[in-house]
Amino acid sequence: MMDERQSDENLVLKAKRGDADAFNLLVERHYKRIYSLAFQMLGNAEDAADATQETFVKAFEQLRHFRGDASFSTWLHRIAINTCKDMMRRNRPVQFSQLTPEDEHAEFDPATLAEPNPDEILAERERAELVWLALGKLPDEARQILVLCDMQGFSYAEVAAILNLPEGTVKSRLHRARNAFKEAWKSLTREQIAPQKRPKGGDEK
């Protein structure tokens with residue numbers, strides 16, 4: 001049985017020598033985070049699952065070229081980002097789901113409405129929906145930098161390695177992306193609170 005405590009580096013070496021179990025363990029170890037990244041980039045579960053599968057297929061095919069200049073995780077996320085960008089170019093426009101990756105396959109349970117207050121749950125879901133809508137309005141470059149830094153939690157150095165950019169460029173792009181997100185957010189929230197126009201010819205009560 002494969003020792004699950006082995007480092008990525010050891011598993012990569014074994015996988016390069018043809019050990020399928022080692023590569024399968026790498027897939028299990030990184031699948032959830034790659035899927036989460038793909039979901040946040042592409043906006044729906046079906047495309048995210050396709051992109052995740054394609055990412056690991058590419059990683060398997062290109063593994064012999066992995067030199068270890070960066071960590072396996074960084075290299076894998078770089079493949080995932082490029083795979084998502086290719087899919088976005090092929091499948092425009094992006095339609096963002098209102099659910100998080102964890103909620104995507106969850107069944108509705110009325111019992112969950114007992115605590116906390118249903119109004120609080122509804123407000124939180126509406127807020128999450130606005131976040132996804134705002135994210136979907138951003139250019140690809142802005143969305144990917146926000147996903148990596150603010151949603152995936154990577155450091156500037158890690159994002160720089162994934163995107164093959166100087167750290168200074170990452171910081172400046174993130175600053176612009178956050179400003180773009182704020183503008184998209186403000187626009188959407190204004191639309192939400194704008195009073196509905198009264199139909200023409202309607203009588204006032």
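Here is the figure for the range 137-154: residues that are in a helix (DSSP H, G or I) and either in contact (Cβ under 8 Å) with a residue 60 or more places away in the chain or assigned by TED's automatic domain parsing to the domain that holds A80 (or both) total 5. Select from the range 34-93 the residues that are aliphatic (A, V, I, L, M) and touching a Lys or Arg at 6+ places or on another chain (Cβ under 7 Å) and write down the one among them that is modelled with the lowest pLDDT. Across the range 34-93, the extreme among qualifying residues is M41.
Residues in the range 1-54 that are basic (K, R), surrounded by 14 or more Cβ atoms within 10 Å (Cβ to Cβ) and within 25 Å of the chain's Cα centre (by Cα): R29, R33. Picking from residues in the range 155-181 that are within 18 Å of T74 (Cβ to Cβ) and in contact (Cβ under 8 Å) with a residue 24 or more places away in the chain, the one that is surrounded by the fewest Cβ atoms within 10 Å (Cβ to Cβ) is N164. For A134, indicate whether it is outside the structural domain of S36 (by TED's automatic domain parsing) and modelled with pLDDT of 90 or more. No: the conditions fail for A134. Per the conditions (1) more than 30 Å from S7 (Cα to Cα); (2) at pLDDT 85 or above; (3) over 19 Å from the mean Cα position of the chain (by Cα), the sole criterion not satisfied by P116 is (2). Filter the range 133-165 for residues that are among the polar types (S, T, N, Q) and under 11 Å from the mean Cα position of the chain (by Cα); which is farthest from F181 (Cα to Cα)? Selected residue: Q152.
The values are calculated or read from the model by the stated rules, or taken from the named source; none is laboratory data. Note that this is a predicted model, so its numbers are computed, not measured. Glycine also receives a Cβ, built like all others from the backbone with ideal geometry; neighbour counts cover every protein chain displayed.
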